[in-house]
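Reviewing the structure listed below.
The values are calculated or read from the model by the stated rules, or taken from the named source; none is laboratory data. The model shown is predicted, which means the values in this text are computed figures rather than measured ones. With ideal geometry, Cβ positions are generated from the backbone for all residues, glycine too; neighbour counts draw on all protein chains shown. When the accessible area is computed, the model is the full protein with side chains, heavy atoms only, and any ligands, DNA or RNA have been set aside. Shrake-Rupley method; radii C 1.70, N 1.55, O 1.52, S 1.80 Å.
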Amino acid sequence: MDISILLIQSLNAFQYGLLLFLVASGLTLIFGIMGIINLAHGSFYMIGAYMAFALGPLVDRWLGGGFVATLIVCVLLAGVLGYFLEAAFFSYLYHRNHLQQVLMTYGLILVFEELRSILVGNDVHGVPLPAWLQGSISLGGVMTYPVYRLFISAVGIAVALLLYWIISRTRLGMMLRAGASNREMIGSLGIDINKLYRLVFAAGVALAALAGTIAAPVSSVYPGMGNGVLIICFVVVVIGGIGSIRGAFLAAMLVGIVETFGQVLFPSAAGVLVYLLMAFILLCKPEGLFKQG
């Protein structure tokens, strides 16, 4: 493999892994800390992408802020949606069994898909790249790499550092870790665990929508786009260790490398390599790469 091609594929793997982390970090917060099997998490990724398509022209016309303003508006709206969804539906699932969680969240997938069909139809849509991110950088010779993909990587790194700081270094993170370990005990200390979980769920939805929003210009916007992302993100969460942000980050990087280079080197077997990786890691470390926390 030529060195320039190796460099491009390495950058692609890094960018894809960081995009996976954006979605998986929200899933690991909801799944690991709150104990909810949320099959609708991929739908929040889809909602972010469709909001980028539908709200982009409106935000540009009303606020004049372009892509960055659209990104902020989409993330804020997704957070508000997550807050009210937790209050209306997910708050009743904490003491229910996993089958009831699966059934209700699968029902939400159907609701979101039907609403998407009614509101924006079933066509494939494109989201234009912002003008200031349309260029490419030279990698030597005739090889170039899009600036927008580097922007996705930068957003992923920034979110990873922010999440690590919040969970490891702040009082909020301390409450989250305590609430994940013993919900009743933290409630007896005077902390409103229900409000805390509501904020966590809103943050998880906002992270998934953020990933969908920034992925829309490079992946298009189409029906069912969250289904494949959901499956691979569950793989990331399981490999990294349920509830571990740093585990989700490392697992997303591994999955990004295996899937990207697998499609180049072993195209006929690329679809199973990620699952073989998961099986191997779970055989060696049944709890995943990192324990919860």
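Coupling constants for region 155-167 follow from the phi torsions by the Karplus curve (6.51 cos²θ - 1.76 cosθ + 1.60, θ = phi - 60°), and in residue order they are 5, x, 5, 4, 5, 4, 5, 5, 5, 4, 5, 5, 6 Hz; glycine and proline get x. Short to long, the 5 Å bins of the Cα pair-distance histogram for region 105-176 hold 3, 12, 10, 10, 10, 14, 18, 13, 8, 2, 0 percent of all pairs. Entry for region 116-221 at q = 0.12, 0.15, 0.19 Å⁻¹: log10 I(q)/I(0) = -0.65, -0.83, -1.00, Debye formula applied to identical alpha-carbon scatterers, no solvent contribution. Taking amide H positions as modeled 1.01 Å from N, with prolines and chain starts lacking one, the residues under 5 Å from SER136 and 5 or more places away or on another chain are VAL147. Find how many whole Å separate the alpha carbon centroid of region 172-251 from the alpha carbon centroid of region 109-125. About 24 Å separates the Cα centre of region 109-125 from the one of region 172-251. Dipole orientation for region 47-195: of the candidates GLY140, PRO128, LEU108, GLY140 has the Cα lying most toward the positive pole (charges on Cβ; Lys, Arg +1; Asp, Glu -1). In the full protein context, region 16-172 carries 49 Å² of accessible surface per residue, based on a 1.4 Å probe and ignoring ligands, DNA and RNA. Working ranking of peptides 42-48, 79-85, 105-111, 213-219 by packing, defined as the average number of other Cβ atoms within 10 Å per residue, highest first, is 42-48, 213-219, 79-85, 105-111.
Rounded to the nearest Hz, the phi-derived 3J(HN,Hα) couplings of region 16-21 under the Karplus curve 6.51 cos²θ - 1.76 cosθ + 1.60 (θ = phi - 60°) are 5, x, 5, 5, 4, 4, where x marks glycine and proline. For region 1-86, the Cα gyration tensor yields ellipsoid semi-axes of 28, 23, 9 Å (square root of five times each eigenvalue, largest first, whole Å).
Close amide H partners of THR144, meaning residues 5 or more places away or on another chain with modelled amide H under 5 Å apart, are LEU139.
With both labels modelled 7 Å from their Cα along Cα-to-Cβ, the LEU199 to ALA270 distance reads 4.2 nm. Working note: 222 nm ellipticity from helices only, DSSP H runs with n ≥ 4, each -39,500 (n - 2.57), summed and divided by the residues of the chain, gives -25000 deg cm²/dmol to the nearest 500. Database remark: amide H of SER220 closer than 5 angstrom to the amide H of VAL127 (H placed geometrically; neighbours at sequence offset of 5 or more, or on other chains; Pro and chain starts carry no H). Expressed as a whole percent, the accessible area of the chain that falls on carbon and sulfur atoms is 69 (1.4 Å probe). Using R0 = 30 Å, the C-beta based FRET efficiency linking ARG96 and ILE157 works out to 0.25. Through the Karplus equation 6.51 cos²θ - 1.76 cosθ + 1.60, θ set to phi - 60°, convert the phi angles of region 169-179 into ³J(HN,Hα) values in whole Hz; use x for Gly and Pro. These are the phi-based 3J(HN,Hα) values: 10, 10, 5, 4, x, 4, 5, 5, 5, 5, x Hz. Diffusion coefficient (Stokes-Einstein, Kirkwood radius over C-alpha pairs, 10 °C, 1.306 mPa s) for the chain: 80 µm²/s, rounded to a whole number.
Kirkwood-type hydrodynamic radius, region 185-255: 14.3 Å, calculated from all non-identical alpha-carbon pairs.
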